[in-house]
1. Using every pair of alpha-carbon atoms in region 7-216, split the distances into 5 Å bins beginning at 0 and state the percent of pairs per bin, rounded to integers.
2. Using Cα positions and a limit of under 17 Å, work out the lysines in reach of residue 178, with same-chain residues fewer than 8 apart set aside.
3. Relative contact order of region 7-216: what whole-number percent is it, with Cα pairs under 8 angstrom and at least 6 residues apart?
4. For region 109-123 and region 14-70, write down the distance between their C-alpha centroids in whole Å.
5. Give a residue-ordered list of calculated ³J(HN,Hα) values for region 137-153 (Karplus: 6.51 cos²θ - 1.76 cosθ + 1.60, θ = phi - 60°; whole Hz; x for Gly, Pro).
6. Using each residue's phi in region 71-78, evaluate 6.51 cos²θ - 1.76 cosθ + 1.60 at θ = phi - 60° and report the 3J(HN,Hα) Karplus result to the nearest Hz, with x for Gly and Pro.
7. Amide H of residue 180 versus every other amide H placed in the peptide plane: which residues, excluding those fewer than 5 positions away on the same chain, fall under 5 Å?
8. For region 109-211, compute Rg over Rh where Rg is the Cα radius of gyration and Rh is the Kirkwood radius from the inverse mean 1/r over Cα pairs.
Amino acid sequence: MKLTKNKYKVQLISDNTLTITGRGDASCWDKAEVLDQFISPWSSDKADEINFKALWDGTYLFFCFKVFDKSVYINTFDDTFTSIGESDRVEIFFRKDDTLSPYYCLEIDPSARIMDFKAFPDKQFDFDWDWPKEDLLVKSSIADDSFTVEGAISIKSLKRLDLISDDGIIEAGIFRAKYNKKDENSGYEPTWITWINPNTELPNFHISDSFGELQLLQVNNSDSENTIVRSTEINCAPQEMVK
């Protein structure tokens, strides 16, 4: 499927057909648009291939990252946000509008540890805030040459936070942090990878120019002028409900 610049189309699937396993191998994912246009504007190092996909079924927004990486790094000192923040990870930020007041961040490492927080402009982070546990499910898997992070976020929670517009648009930033050890005498240092180039001198995901749009595609189930008709519902092989 062709990807429009800075806009990702989220295909609609049938209810109860996608199970989150952390492997990202359900047949439904074959119907999703593949976002692989990731760059590292602040580094000359070639970024590993990243495939991001999203789907929704009216109840959940599903997402899946597959990161091709043979040297995954996870800081296992403890399970604090500090440890997660010093590990390879994928990230999704959500905002209501370009004021970023507030915006919401999910940063997930290859072992599915989650750093979730609410933020305000100028990197004011509220780490006491959590995405409601009943509204978020994340699982992961690690292979020899890649890792996969797969998750589901309830549409109810996105609406409660006012993150879905009337025309089905979610403003989101999609990122990755890759930690590499330059030599035996140095620690691990991050390479910052992004979908949208914010055109900053130094790495910074926490500005309005780093966000794109996720467009929730809908079926024609109403004659109302407000109904967006962009897709037909995709039927996937029946699977267990999200667990």
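Every number here is computed from the coordinates shown, using simple stated rules; none is lab data. What you see is a predicted model; the values in this text were computed from it and never measured.
1. Here the calculated profile for region 7-216 is 1, 7, 15, 20, 22, 18, 10, 4, 1, 0, 0.
2. 46, 66, 70
3. Relative contact order here is 25 percent.
4. Value for the Cα centre distance between the two parts: 18 Å.
5. 9, 9, 9, 8, 8, 10, 10, 5, 10, 6, 9, 10, 10, 10, x, 9, 10
6. Calculated HN-Hα couplings, in order: 9, 5, 10, 10, 6, 9, 4, 7 Hz.
7. Result for residue 180 returns 189, 191.
8. On the way: Rg = 16.2 Å, Rh = 16.3 Å.
Using Cα coordinates only, the ratio equals 0.99.
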